Amino acid sequence: MDVPPDPDETAALLAALDLQIAWGADEALEEAPQDRTRPRAVLADPVSVPAAPAPRPVGPATRPAPAGGAVAAFAPAAARAGDLAAGADSLEALREAIAALDSPLKDTASKLVFADGVPESGLMLIGEAPGADEDRQGLPFVGVSGRLLDRMFESIGVRRAENAYLTNILPWRPPGNRTPTDAEINLFTPFVLRHIAIVRPRHLVFLGGTAAKALLRSREGITRLRGRWHSLDVPGLGPVPVLATLHPAYLLRQPSAKREAWADLRLLRRSLDRA
């Protein structure tokens with residue numbers, strides 16, 4: 001006897017399909033994950049495979065010396081960053097304070113990438129750092145990952161031109177789009193916290209592990225931080241609810257993770273509706 005399809009399940013599947021189309025999905029993934037734990041096939045001629053070199057013992061004489069000079073070099077700039085950030089009482093003043101800070105990133109970047117969107121929206125999104133497209137235009141999230149981000153949030157009724165505000169931890173593009181260093185993140189964190197205090201959002205969304213771990217002061221990765229609400233105590237503002245989610249650049253590399261990102265967006269939408 002055939003069992004009629006569940007209308008609720010059918011509607012959920014159609015909604016998920018519509019979301020994938022809205023996010024720009026253009027290929028189907030495999031039904032089942034590949035088993036990458038199985039050993040690879042052995043080459044027919046084992047002699048042609050070079051033997052792996054024996055690991056070199058690491059003793060006290062071969063350990064790299066701590067980079068104390070690099071840390072010390074950042075100390076004056078970090079102190080000045082705190083003073084500059086604390087003295088900013090508006091978004092324009094904060095932008096000028098960031099531009100006044102001496103940072104090696106300024107020497108390799110083209111433009112300061114400050115923010116985009118509606119500061120009064122109540123929803124603030126914070127990413128990692130500008131990329132090449134952002135560096136050219138001076139705006140955050142305008143490249144390929146930015147277009148995906150726009151489609152993602154538009155699927156829950158959030159648009160940067162209407163009801164969202166976007167920025168990054170770093171205002172300057174790191175050379176070669178590399179991951180920001182801890183010293184660079186610590187240098188610009190006072191500006192980010194002051195940025196939040198000036199904008200006074202009712203909800204914060206951290207895009208990716210770099211922003212989430214830096215501002216939440218957590219050792220956990222983004223896969224453990226996402227999917228639940230956190231609280232960030234912002235000087236001059238107080239606690240603000242925070243949702244961490246996957247960065248759109250990661251979703252471009254791992255399309256199968258869009259399911260988790262969609263769950264985060266639904267969680268955000270429910271909280272926005274209650275507010």
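State the number of residues belonging to segment 154-171 that are more than 19 Å from Pro130 (Cα to Cα) and either in a helix (DSSP H, G or I) or of a type outside the set (A, V, I, L, M) (or both). Summing the residues that are more than 19 Å from Pro130 (Cα to Cα) and either in a helix (DSSP H, G or I) or of a type outside the set (A, V, I, L, M) (or both) in segment 154-171 gives 6. Here is the figure for segment 139-190: residues that are closer than 22 Å to Asp107 by Cα, hydroxyl-bearing (Ser, Thr, Tyr) and surrounded by 16 or more Cβ atoms within 10 Å (Cβ to Cβ) total 2. Just one of the listed residues (Glu260, Glu220) is more than 10 Å from the chain's Cα centre (by Cα) and either hydroxyl-bearing (Ser, Thr, Tyr) or surrounded by 14 or more Cβ atoms within 10 Å (Cβ to Cβ) (or both), and it is Glu260. Test Asp133 against the criterion of being surrounded by fewer than 22 Cβ atoms within 10 Å (Cβ to Cβ), without any contact (Cβ under 8 Å) to a residue 12 or more places away in the chain and not in a strand (DSSP E or B), and give yes or no. No, not satisfied.
As a summary of the residue check, Arg226 satisfies the conditions (1) modelled with pLDDT of 95 or more; (2) surrounded by fewer than 16 Cβ atoms within 10 Å (Cβ to Cβ); (3) of a type in the set (D, E, K, R) except for the one numbered (2). When Ser110, Ser155, Ser121 are screened for being out of contact with any strand residue (DSSP E or B) (no Cβ under 8 Å at 6 or more places or on another chain) and under 29 Å from Arg274 (Cα atoms), only Ser155 passes.
Residues that are over 30 Å from Ala93 (Cα atoms) number at least 2 in the following helices (runs of 4 or more DSSP H) confined to segment 194-261: 222-225, 248-253. For segment 201-231, the set of residues classified as among the aliphatic types (A, V, I, L, M) and out of contact with any helix residue (DSSP H, G or I) (no Cβ under 6 Å at 6 or more places or on another chain) consists of Leu204, Val205, Leu207, Ala211, Leu215, Leu216, listed by residue number.
The values are calculated or read from the model by the stated rules, or taken from the named source; none is laboratory data. Treat the numbers as computed from the prediction; the structure is a model and nothing was measured. Cβ coordinates were reconstructed from backbone atoms using ideal geometry, including for glycine residues, and neighbour counts include every protein chain displayed.
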